[in-house]
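The values are calculated or read from the model by the stated rules, or taken from the named source; none is laboratory data. None of the values given here were measured: they were computed from a predicted structure. Virtual Cβ from ideal backbone geometry, glycine too; neighbours counted across all protein chains shown. Quick note on the areas: whole protein, heavy atoms, side chains included, nothing else; ligands and nucleic acids left out. Shrake-Rupley method; radii C 1.70, N 1.55, O 1.52, S 1.80 Å.
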Amino acid sequence: MAEDAIVVDESLGSETLLDLRSLSVTYQTDQGPVPAVRGVDLTVRRGEVVGVAGESGCGKSTLASTVLRLQPATATVTGEVLVSGADVITMRWGELRALRWAGASIVFQGALHALNPVQSVGAQIGEPIRIHEPGIEDSEVTARISELLQQVGLSPSRAAMYPHQLSGGQRQRVMIAMALACRPALIVADEPTTALDVMVQAQVLGVLEKLVKDLDVGMMIISHDLSVLASSCDRIVVMYAGRVVEEGPAHAVFDRALHPYTAALSAAFPRVGDPAARFAPAGLAGDPPDPTSRPPGCSFAPRCPLAIEACREAEPELREIEPGRWAACIRVGEP
Ligand code: ADP
Ligand code: MG
């Protein structure tokens, strides 16, 4: 078999672009193992926007890094990471390189500050195209840059500008254009709008949502802010202490949370323009547990208003409560 051939798992539907199966990631540190992600199952299909929500420290960025095997060498990964059916964990370097260019792309948290200040944004968008397609004509690269800028809602004339000449929202659009440059089928955006003010956040998320439908790709958007995901995603996966605690259609999860953690998270981040939000208690008291010293039983129990004795005994299974709606809480569905 040629080195760069990608082995496709025929049992998967061709429409499944990302399939994480029982994924666990543990960092080995001087202080001992840090279990950051614990047994996560997650899929993203073509044409779908999946949101991953959860407070800082819940394992979201760790999860994202495994999609292209970009986790640090100190991380031990178990389970499966399938991108378009190909197993990223065991894939050879040649295949991985091909995947990193054209199979999937990740817009990392804080990437807004990663643009080169002394190079025009057009040149920066063109760079991955030139590396991926050596020998491509300059006129073709220029045409692709114009097309990409238009796809993210910017005028092609922006290509000649430098990052400091653009607003935060425009720079974030440039980052998205760079992620699209090699036409990946799957895009992972880690906190793509966190540095932006709320109105600009809504615009950038609108751009992402439209791209998924127009280009027929799949996208995973990560945010600690559930309200941001509610309006731009098809499905939401809520993570707490490295595990999935709830999953379901975006609006159902946001408006009618099943897990008490999801309910607390949506109360902490009210929807933009909701007049009731001004009176709601802002924030969510306390912090997620340190992965090295998780409490016994349900990790959320110490902060949960509904916790009972049984919650501290065993970690609850993720159960299908209603068709398409999953939650890991023993109290959900109680009469
Ligand atoms: P999130 O993106 O949800 O904020 P992260 O995936 O960044 O969560 O982190 C999950 C947990 O893993 C945290 O407890 C964090 O401190 C720990 N962690 C992240 N990266 C490393 C690393 N390179 N080495 C050790 N621990 C790490
Ligand atoms: Mg993160």
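Under 8 Å for C-alpha pairs, at least 6 residues apart: give me the relative contact order for the chain, rounded to a whole percent.
19 percent
At 0.36 nm per residue, minus the direct Cα-Cα distance, what do Arg92 and Thr74 gain on full extension? Give it in nm, one decimal, please.
Working it through step by step, the gained length comes to 4.5 nm.
Picking from Gly135, Gly57, Gly168, which is most flexible by a Gaussian network model of the chain using Cα springs under 10 Å?
Checking each option, the largest mean-square fluctuation is seen for Gly135.
How much length, in nm to one decimal, is gained on full extension between Ala310 and Gln150, taken as 0.36 nm per residue of separation minus their Cα-Cα distance?
Here the answer is 52.1 nm.
Among Pro128, Pro117, Pro289, which one moves the most in a GNM of the chain with springs linking Cα atoms closer than 10 Å?
Of Pro128, Pro117, Pro289, the most mobile in the Gaussian network model is Pro117.
Starting from the Cα-Cα distance between Ser56 and Glu140, subtract it from 0.36 nm times their residue separation and give me the gain in nm to one decimal.
The Ser56-Glu140 span can extend by a further 26.1 nm.
Explain nothing, just the number: relative contact order of the stretch 136-185, from Cα pairs under 8 Å at least 6 residues apart, as a whole percent.
RCO, the stretch 136-185: 37 percent.
Arranged from highest to lowest average of other beta-carbon atoms within 10 Å per residue, in what order do the peptides 160-167, 328-335 appear?
Those peptides, ordered most packed to least, come out 328-335, 160-167.
Can you give me the Cα centroid spacing of the stretch 40-65 and the stretch 198-275 in angstrom?
11 Å
Taking R0 as 41 Å, what FRET efficiency do you get between Glu317 and Thr194 from their Cβ-Cβ distance, rounded to the nearest 0.05?
0.85
Mean residue ellipticity at 222 nm from the helices of the chain, using -39,500 (n - 2.57) per DSSP H segment of n ≥ 4 over the full residue count, to the nearest 500 deg cm²/dmol?
-8000 deg cm²/dmol
Under the definition of Cα pairs under 8 Å and six or more residues apart, what whole-number percent is the relative contact order of the stretch 84-231?
Reported relative contact order: 29 percent.
Please list Leu70, Leu180, Leu258 from largest to smallest accessible area, probe radius 1.4 Å, with all protein chains kept in place.
My answer, sorted largest first, is Leu70, Leu258, Leu180.
Which value, in debye to the nearest 20, gives the size of the charge dipole of the chain about its Cα centre, when Lys and Arg are +1 and Asp and Glu are -1 at the Cβ?
Dipole magnitude for the chain comes out near 640 debye.
Against the longest alpha carbon principal axis of the chain, how many degrees, from 0 to 90 and to the nearest 10, is the axis of helix 121-132 turned?
90 degrees
If I model a spin label at Ser22 and His251 as a point 7 Å from the Cα along the Cα→Cβ vector, what separation in nanometres do I get?
Taking the two extended label points, one gets 3.7 nm.
Determine the order of Lys60, Lys213 by accessible area, beginning with the largest, at a probe radius of 1.4 Å.
Lys213, Lys60
Run the simple label-point estimate for Asp216 and Arg45 please: 7 Å along Cα→C-beta, distance reported in nm.
Spacing of the two 7 Å Cα→Cβ label points: 1.5 nm.
Order Phe254, Phe108 by their accessible area, 1.4 angstrom probe, all chains in place, largest first.
Phe108, Phe254
Given the options Met219, Met199, Met178, which has the most mean-square fluctuation in a GNM of the chain, springs set between C-alpha atoms less than 10 angstrom apart?
It is Met199.
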